Structures are given as C-alpha cells and as structure tokens.
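The values are calculated or read from the model by the stated rules, or taken from the named source; none is laboratory data. Only a predicted model underlies this, so the values are computations on that prediction, with no experimental measurement involved. For neighbour counting, all protein chains shown are included, and Cβ atoms are generated from backbone atoms with ideal geometry for every residue, glycine included.
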C-alpha cells in the first residue's frame, strides 16, 4: 500500500497577515515494506506533512495517493483510508481515556462495528505486538508507566490493522532505556509486515532503523535517500539545524586523519569494525 505525494503545498492562514507556507512543492514516495524516516528542524513541516498521509488534511494544491487512491477526491472513503494508514501523534498516551487497557485498545475496532470475537482477537494481537502482558488488560491505563501508556496508545492504532503506521516522534520524552525499548518495538512491528514512517529529530535513531530518509527544511525536501547518502552532507545538514550520527562524526575525523574509513560508515557496529580491523593494526589509507 504505497504513498505517493506530488507537488504538495500547504499554506496556513492564506491571504491574512499571518500567512505562512508550511510545505512547498513536496514530491515523495513511500513503498510497501519500507521503514522511512522524516527528519527536520522544528518548524520544517514534518507534522504538517504526515497529516496528509491519512487525509486529516486535504491536498490543495497537490495530490496525495494511498494505494493509488486520490485522497483529495470527494468520492474517496477517508474512513477506509484511516484503517489502512494509522497515525500515532506525539505523546499519544495523552489521548487515553477508557477505564481499562483492553477497552482503550478496543475503541477503534468497536467503532468499526466489528463482531465481539474479532475485536477481542485484535486487542490480544495488538497487545502482543507492543509487548504488553495480558495481565494488564483489565488494569487502568493511568496506572501504567509512561512507556507502557505509549504502548497502549500504539496498540489502539494497531488494533485497526493498518498496513502503514506513521509515528510522530515516538520516543519523545522517554528516558534512554525507554527510548531504546520503544524503537526496538517499532522495529519489531515493521518486521511483522507493517510499513513504518517515523518522524524524528534524532539522526542516530533514523540512521540505525530506517531504510530511507527525507530531510525537510523550510517546508521543502532538502535531501532524500539511504542514510549513508544523506549523512555525507554533514556541513549542509548543520547549516539547516540538523546533525549527523555521532559515529559518522567519528568516522569523518578518522578519515581526515588519514585512516581508510568508508564514506558510508555511520553505525556504531560499522565504525567499530573498521577501527578493530584497520586502526588497531596501525594501518592507514593511501
């Protein structure tokens, strides 16, 4: 279920003294099974962009297609689209409201009018996907930790059985251990067959988990490609308020010192391997 965006522009409060262009002529595509990262400085247009992925915003001008369906068409069933594309907002745990965990997760499937046995199956499966123990099903979500609340909120979206899951800063506000657990959880969901789109400001996170990146700057796609293709533009990324992974910085310093470290080395395990194989033996590049 691919997403394709063509020449999308979004202007807030057009024609007023407060007019602001949030997106400008955006063109991008997301293919089935990918793990996509969308990164950019604050105000770059990331959250505005993903609001188009399931029809919360309607393209004008521009076009947004999900599985070949034009979301801007008046004949498009947006409810069906939102079953396909699940959107998890930043701090989704603030949207919990039911008495128990299972009721919160069941809210979406219940509104779809599904039979009780199917709702129960989806709740159990969603809890398994996010690593929630079945014993928590009858507990109040407000008695859980922050990370567990976020898992419940994500499970509620997964219970809609989306083919694409879009997450806006899913690890925001979590401590380092919770951040790692959340990102590993998202990787597990991806490996279960769900296409993932993750908005983040962390270059280390998107470098570790994502197949491709889209870098936004002032509402435009500044760079796109595999992480290694994006991170080589270190100075340009710094100029638009972004950084590169810490290991990419280390690799550059080693290259500048004359060591033979490939340009596409940016993950910890890659750089460590080259250090062990080459630097530990005292070898430098030509």
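List of remarks:
- Qualifying residue in segment 194-205 (condition: in a helix (DSSP H, G or I), loosely packed, with under 14 Cβ neighbours inside 10 Å and in the same structural domain as residue 34 (by TED's automatic domain parsing)): no
- Filtered residues of segment 64-78 (kept if surrounded by fewer than 16 Cβ atoms within 10 Å (Cβ to Cβ) and within 18 Å of residue 47 (Cβ to Cβ)): none
- Output for segment 51-82, where each listed residue is touching a residue at least 40 places away in the same chain (Cβ under 8 Å) and assigned to a helix (DSSP H, G or I): 82
- Any hit, segment 224-247, residues being touching a strand residue (DSSP E or B) at 6+ places or on another chain (Cβ under 8 Å) and assigned to a strand (DSSP E or B): yes
- Subset of segment 1-50 that is more than 22 Å from residue 72 (Cα to Cα) and assigned to a strand (DSSP E or B) - its residue that is farthest from the chain's Cα centre (by Cα): 40
- Looking only at residues in segment 79-99 that are surrounded by 14 or more Cβ atoms within 10 Å (Cβ to Cβ) and more than 20 Å from the chain's Cα centre (by Cα), the one that is farthest from residue 148 (Cα to Cα) is 98.
- Some residue of segment 216-237 being on the phi > 0 side of the Ramachandran plot and surrounded by fewer than 17 Cβ atoms within 10 Å (Cβ to Cβ): yes
- Test: residue in segment 146-169 that is without any contact (Cβ under 8 Å) to a residue 12 or more places away in the chain, in the same structural domain as residue 54 (by TED's automatic domain parsing) and outside any strand (DSSP E or B): no
- Matching entry among 93, 98 (being in the same structural domain as residue 21 (by TED's automatic domain parsing), in contact with a helix residue (DSSP H, G or I) (Cβ under 9 Å, 6 or more places away or on another chain) and in a loop (DSSP other than H, G, I, E, B)): 98
- None of 114, 185, 132 is outside any helix (DSSP H, G or I), on the phi < 0 side of the Ramachandran plot and surrounded by fewer than 20 Cβ atoms within 10 Å (Cβ to Cβ) except 114.
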